[in-house]
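Each value in this text was obtained by applying a stated rule to the coordinates, not by laboratory testing. This is a predicted model, so every value here is computed, not measured. Counting neighbours? That spans all protein chains shown, and the Cβs are built from the backbone with ideal geometry, glycine included.
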Amino acid sequence: MAAAQAGNGGAYRRLLAELDAWLARYYARRLPSAVADDAAQEALIAIHAKRHTYDPARPFKPWLVAIARYKWIDRLRAMARQPETELPDTLAAPDHEQGVVGAIVLAELLASLKPAQREVIRLVKIEGLSIAEAAERTGQSESLVKVNIHRGLAKLGRIVQERGDAE
């Protein structure tokens, strides 16, 4: 710190790096991990702002510990003003069951189609590509894409109807 006060920028950068590591350990033992990093940064800012008050004739560590301790107490007071809210025993979470079941059923249905039909239905009806874009991507003609979509959807309709009759 004495070298930093004398204008040695390299010494000051080295000091701040060492203090950052020391403060991180100091606050990690005293504060929840969610606020320890913030407390270390606040302490570094305070050290920077008060560096002119350090007396090189006195030991550095007690000066440092005093600043760190005051910042720790400030953080504890702030945490006391904002108490944590308790979470309920059961948290409401969105139910994804229908979406998952629907995706599984859709995958099973599409698996029953010919690969060319499955691909163009996926591209046009699920991904939203145009007939021309699907034709370009698959190498099929536009009319073949339309035919495969029509035949594939008709087959899917029959399968769904047969499953409904069986249940």
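Can you give the Rg to Rh ratio of the range 108-166, both from alpha-carbon atoms, with Rh computed by the Kirkwood formula?
Working: Rg = 11.9 Å, Rh = 11.6 Å.
My calculation puts Rg/Rh at 1.03.
Placing unit charges on C-beta atoms (Lys and Arg positive, Asp and Glu negative, everything else neutral), compute the dipole magnitude of the range 2-81 about its Cα centre in debye, rounded to 20. Could the numbers behind the result be given before it?
Working: 14 positive and 7 negative charges, 48 e Å.
Roughly 220 debye, rounded to the nearest 20.
Can you give the local net charge around Ala3? Use residues other than it whose beta-carbon is closer than 15 angstrom to its beta-carbon, Lys and Arg +1, Asp and Glu -1.
On the way: positive: Arg13, Arg14, Arg51; negative: Glu18, Asp55.
Net charge in that neighbourhood comes out at +1.
So, in nm, how far is label Leu153 from label Lys114 when the simple model puts each one 7 Å beyond its Cα toward the Cβ?
Here the modelled spin labels are 1.8 nm apart.
Could you point to the residue in Leu129, Ile73, Asn148 farthest towards the positive end of the chain's charge dipole, with +1 and -1 charges on the Cβ of Lys/Arg and Asp/Glu respectively?
Positive-end residue among those listed: Ile73.
Which one of Tyr26, Gly164, Leu113 has its Cα pushed farthest toward the positive end of the charge dipole of the chain, where Lys and Arg give +1 and Asp and Glu give -1 at the Cβ?
Of Tyr26, Gly164, Leu113, it is Tyr26.
Which label belongs to the value computed from this structure, given these candidates for Cα Rg over 2.2 N^0.38 Å: (1) 2.18; (2) 1.23; (3) 0.98?
(1)
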